[in-house]
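Structure first, commentary second.
The values are calculated or read from the model by the stated rules, or taken from the named source; none is laboratory data. Small disclaimer: the values here were computed from a predicted structure and weren't measured. Methodologically, a virtual Cβ is constructed for each residue, glycine included, from the backbone with ideal geometry; neighbour enumeration extends over all protein chains shown. Ligands, DNA and RNA are stripped out before the accessible areas are found, and what is left, the full protein with its side chains, is counted by its heavy atoms. Shrake-Rupley method; radii C 1.70, N 1.55, O 1.52, S 1.80 Å.
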Amino acid sequence: QVQLVESGGGLVQPGGSLRLSCAASGFIRSINVMGWYRQAPGKERELVARISSGGSTNYADSVKGRFTISRDNAKNTVYLQMNSLKPEETAVYYCTVDIWKSFWGQGTQVTVSS
């Protein structure tokens with residue numbers, strides 16, 4: 001099986017920054033797409049950003065120019081640098097990796113509040 005361990009969430013003031021990390025371990029030969037989703041209370045889970053094995057990236061329109069996704073293939077780790085955070089971006093952030101199927105992390109809470 002595959003395990004995902006997320007870290008980096010927490011409480012940050014509006015306009016602040018956080019960096020999320022997600023490390024995959026287990027039976028992994030190669031990882032295709034890695035990504036981050038988020039789910040705010042009472043809302044559906046939504047895509048934040050994803051990155052292919054070749055480094056191509058996609059972002060939700062709402063985070064373009066503020067968030068940056070990256071990956072370290074040697075470490076099977078994906079990162080999400082989040083800048084200029086807004087209160088409405090308070091949510092549980094989940095990482096996901098596509099290997100032979102999609103695997104999900106347990107989620108990490110990000111709270112943007114003064």
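For the reader, a short list of remarks on this structure follows.
- Going through (1) exposed (fewer than 15 other Cβ atoms within 10 Å of the Cβ); (2) part of a loop (DSSP other than H, G, I, E, B) one by one, Ser62 falls short only on (2).
- Taking residues in the range 1-21 that are more than 18 Å from Phe67 (Cβ to Cβ), and partners anywhere that are open to solvent by 60 Å² or more (accessible area, probe 1.4 Å), the pairs with Cβ atoms closer than 7 Å and at least 6 places apart or on different chains are Gln1/Phe27; Val2/Phe27; Leu4/Trp104.
- Residue check for Glu88: closer than 21 Å to Leu11 by Cα, in contact with a Lys or Arg (Cβ under 7 Å, 6 or more places away or on another chain) and open to solvent by 30 Å² or more (accessible area, probe 1.4 Å): no
- For the range 69-85, a tally of residues being without any contact (Cβ under 8 Å) to a residue 60 or more places away in the chain, of a type in the set (A, V, I, L, M) and either open to solvent by less than 50 Å² (accessible area, probe 1.4 Å) or assigned to a strand (DSSP E or B) (or both) returns 2.
- Test: residue in the range 81-98 that is modelled with pLDDT under 95 and of a type in the set (D, E, K, R): yes
- Against the test of being open to solvent by 40 Å² or more (accessible area, probe 1.4 Å), charged (D, E, K, R) and part of a strand (DSSP E or B), the options Arg19, Arg29 yield a single qualifying residue, Arg19.
- Just one of (1) among the hydroxyl-bearing types (Ser, Thr, Tyr); (2) more than 26 Å from Gly42 (Cβ to Cβ); (3) open to solvent by less than 20 Å² (accessible area, probe 1.4 Å) fails for Thr96. It is (2).
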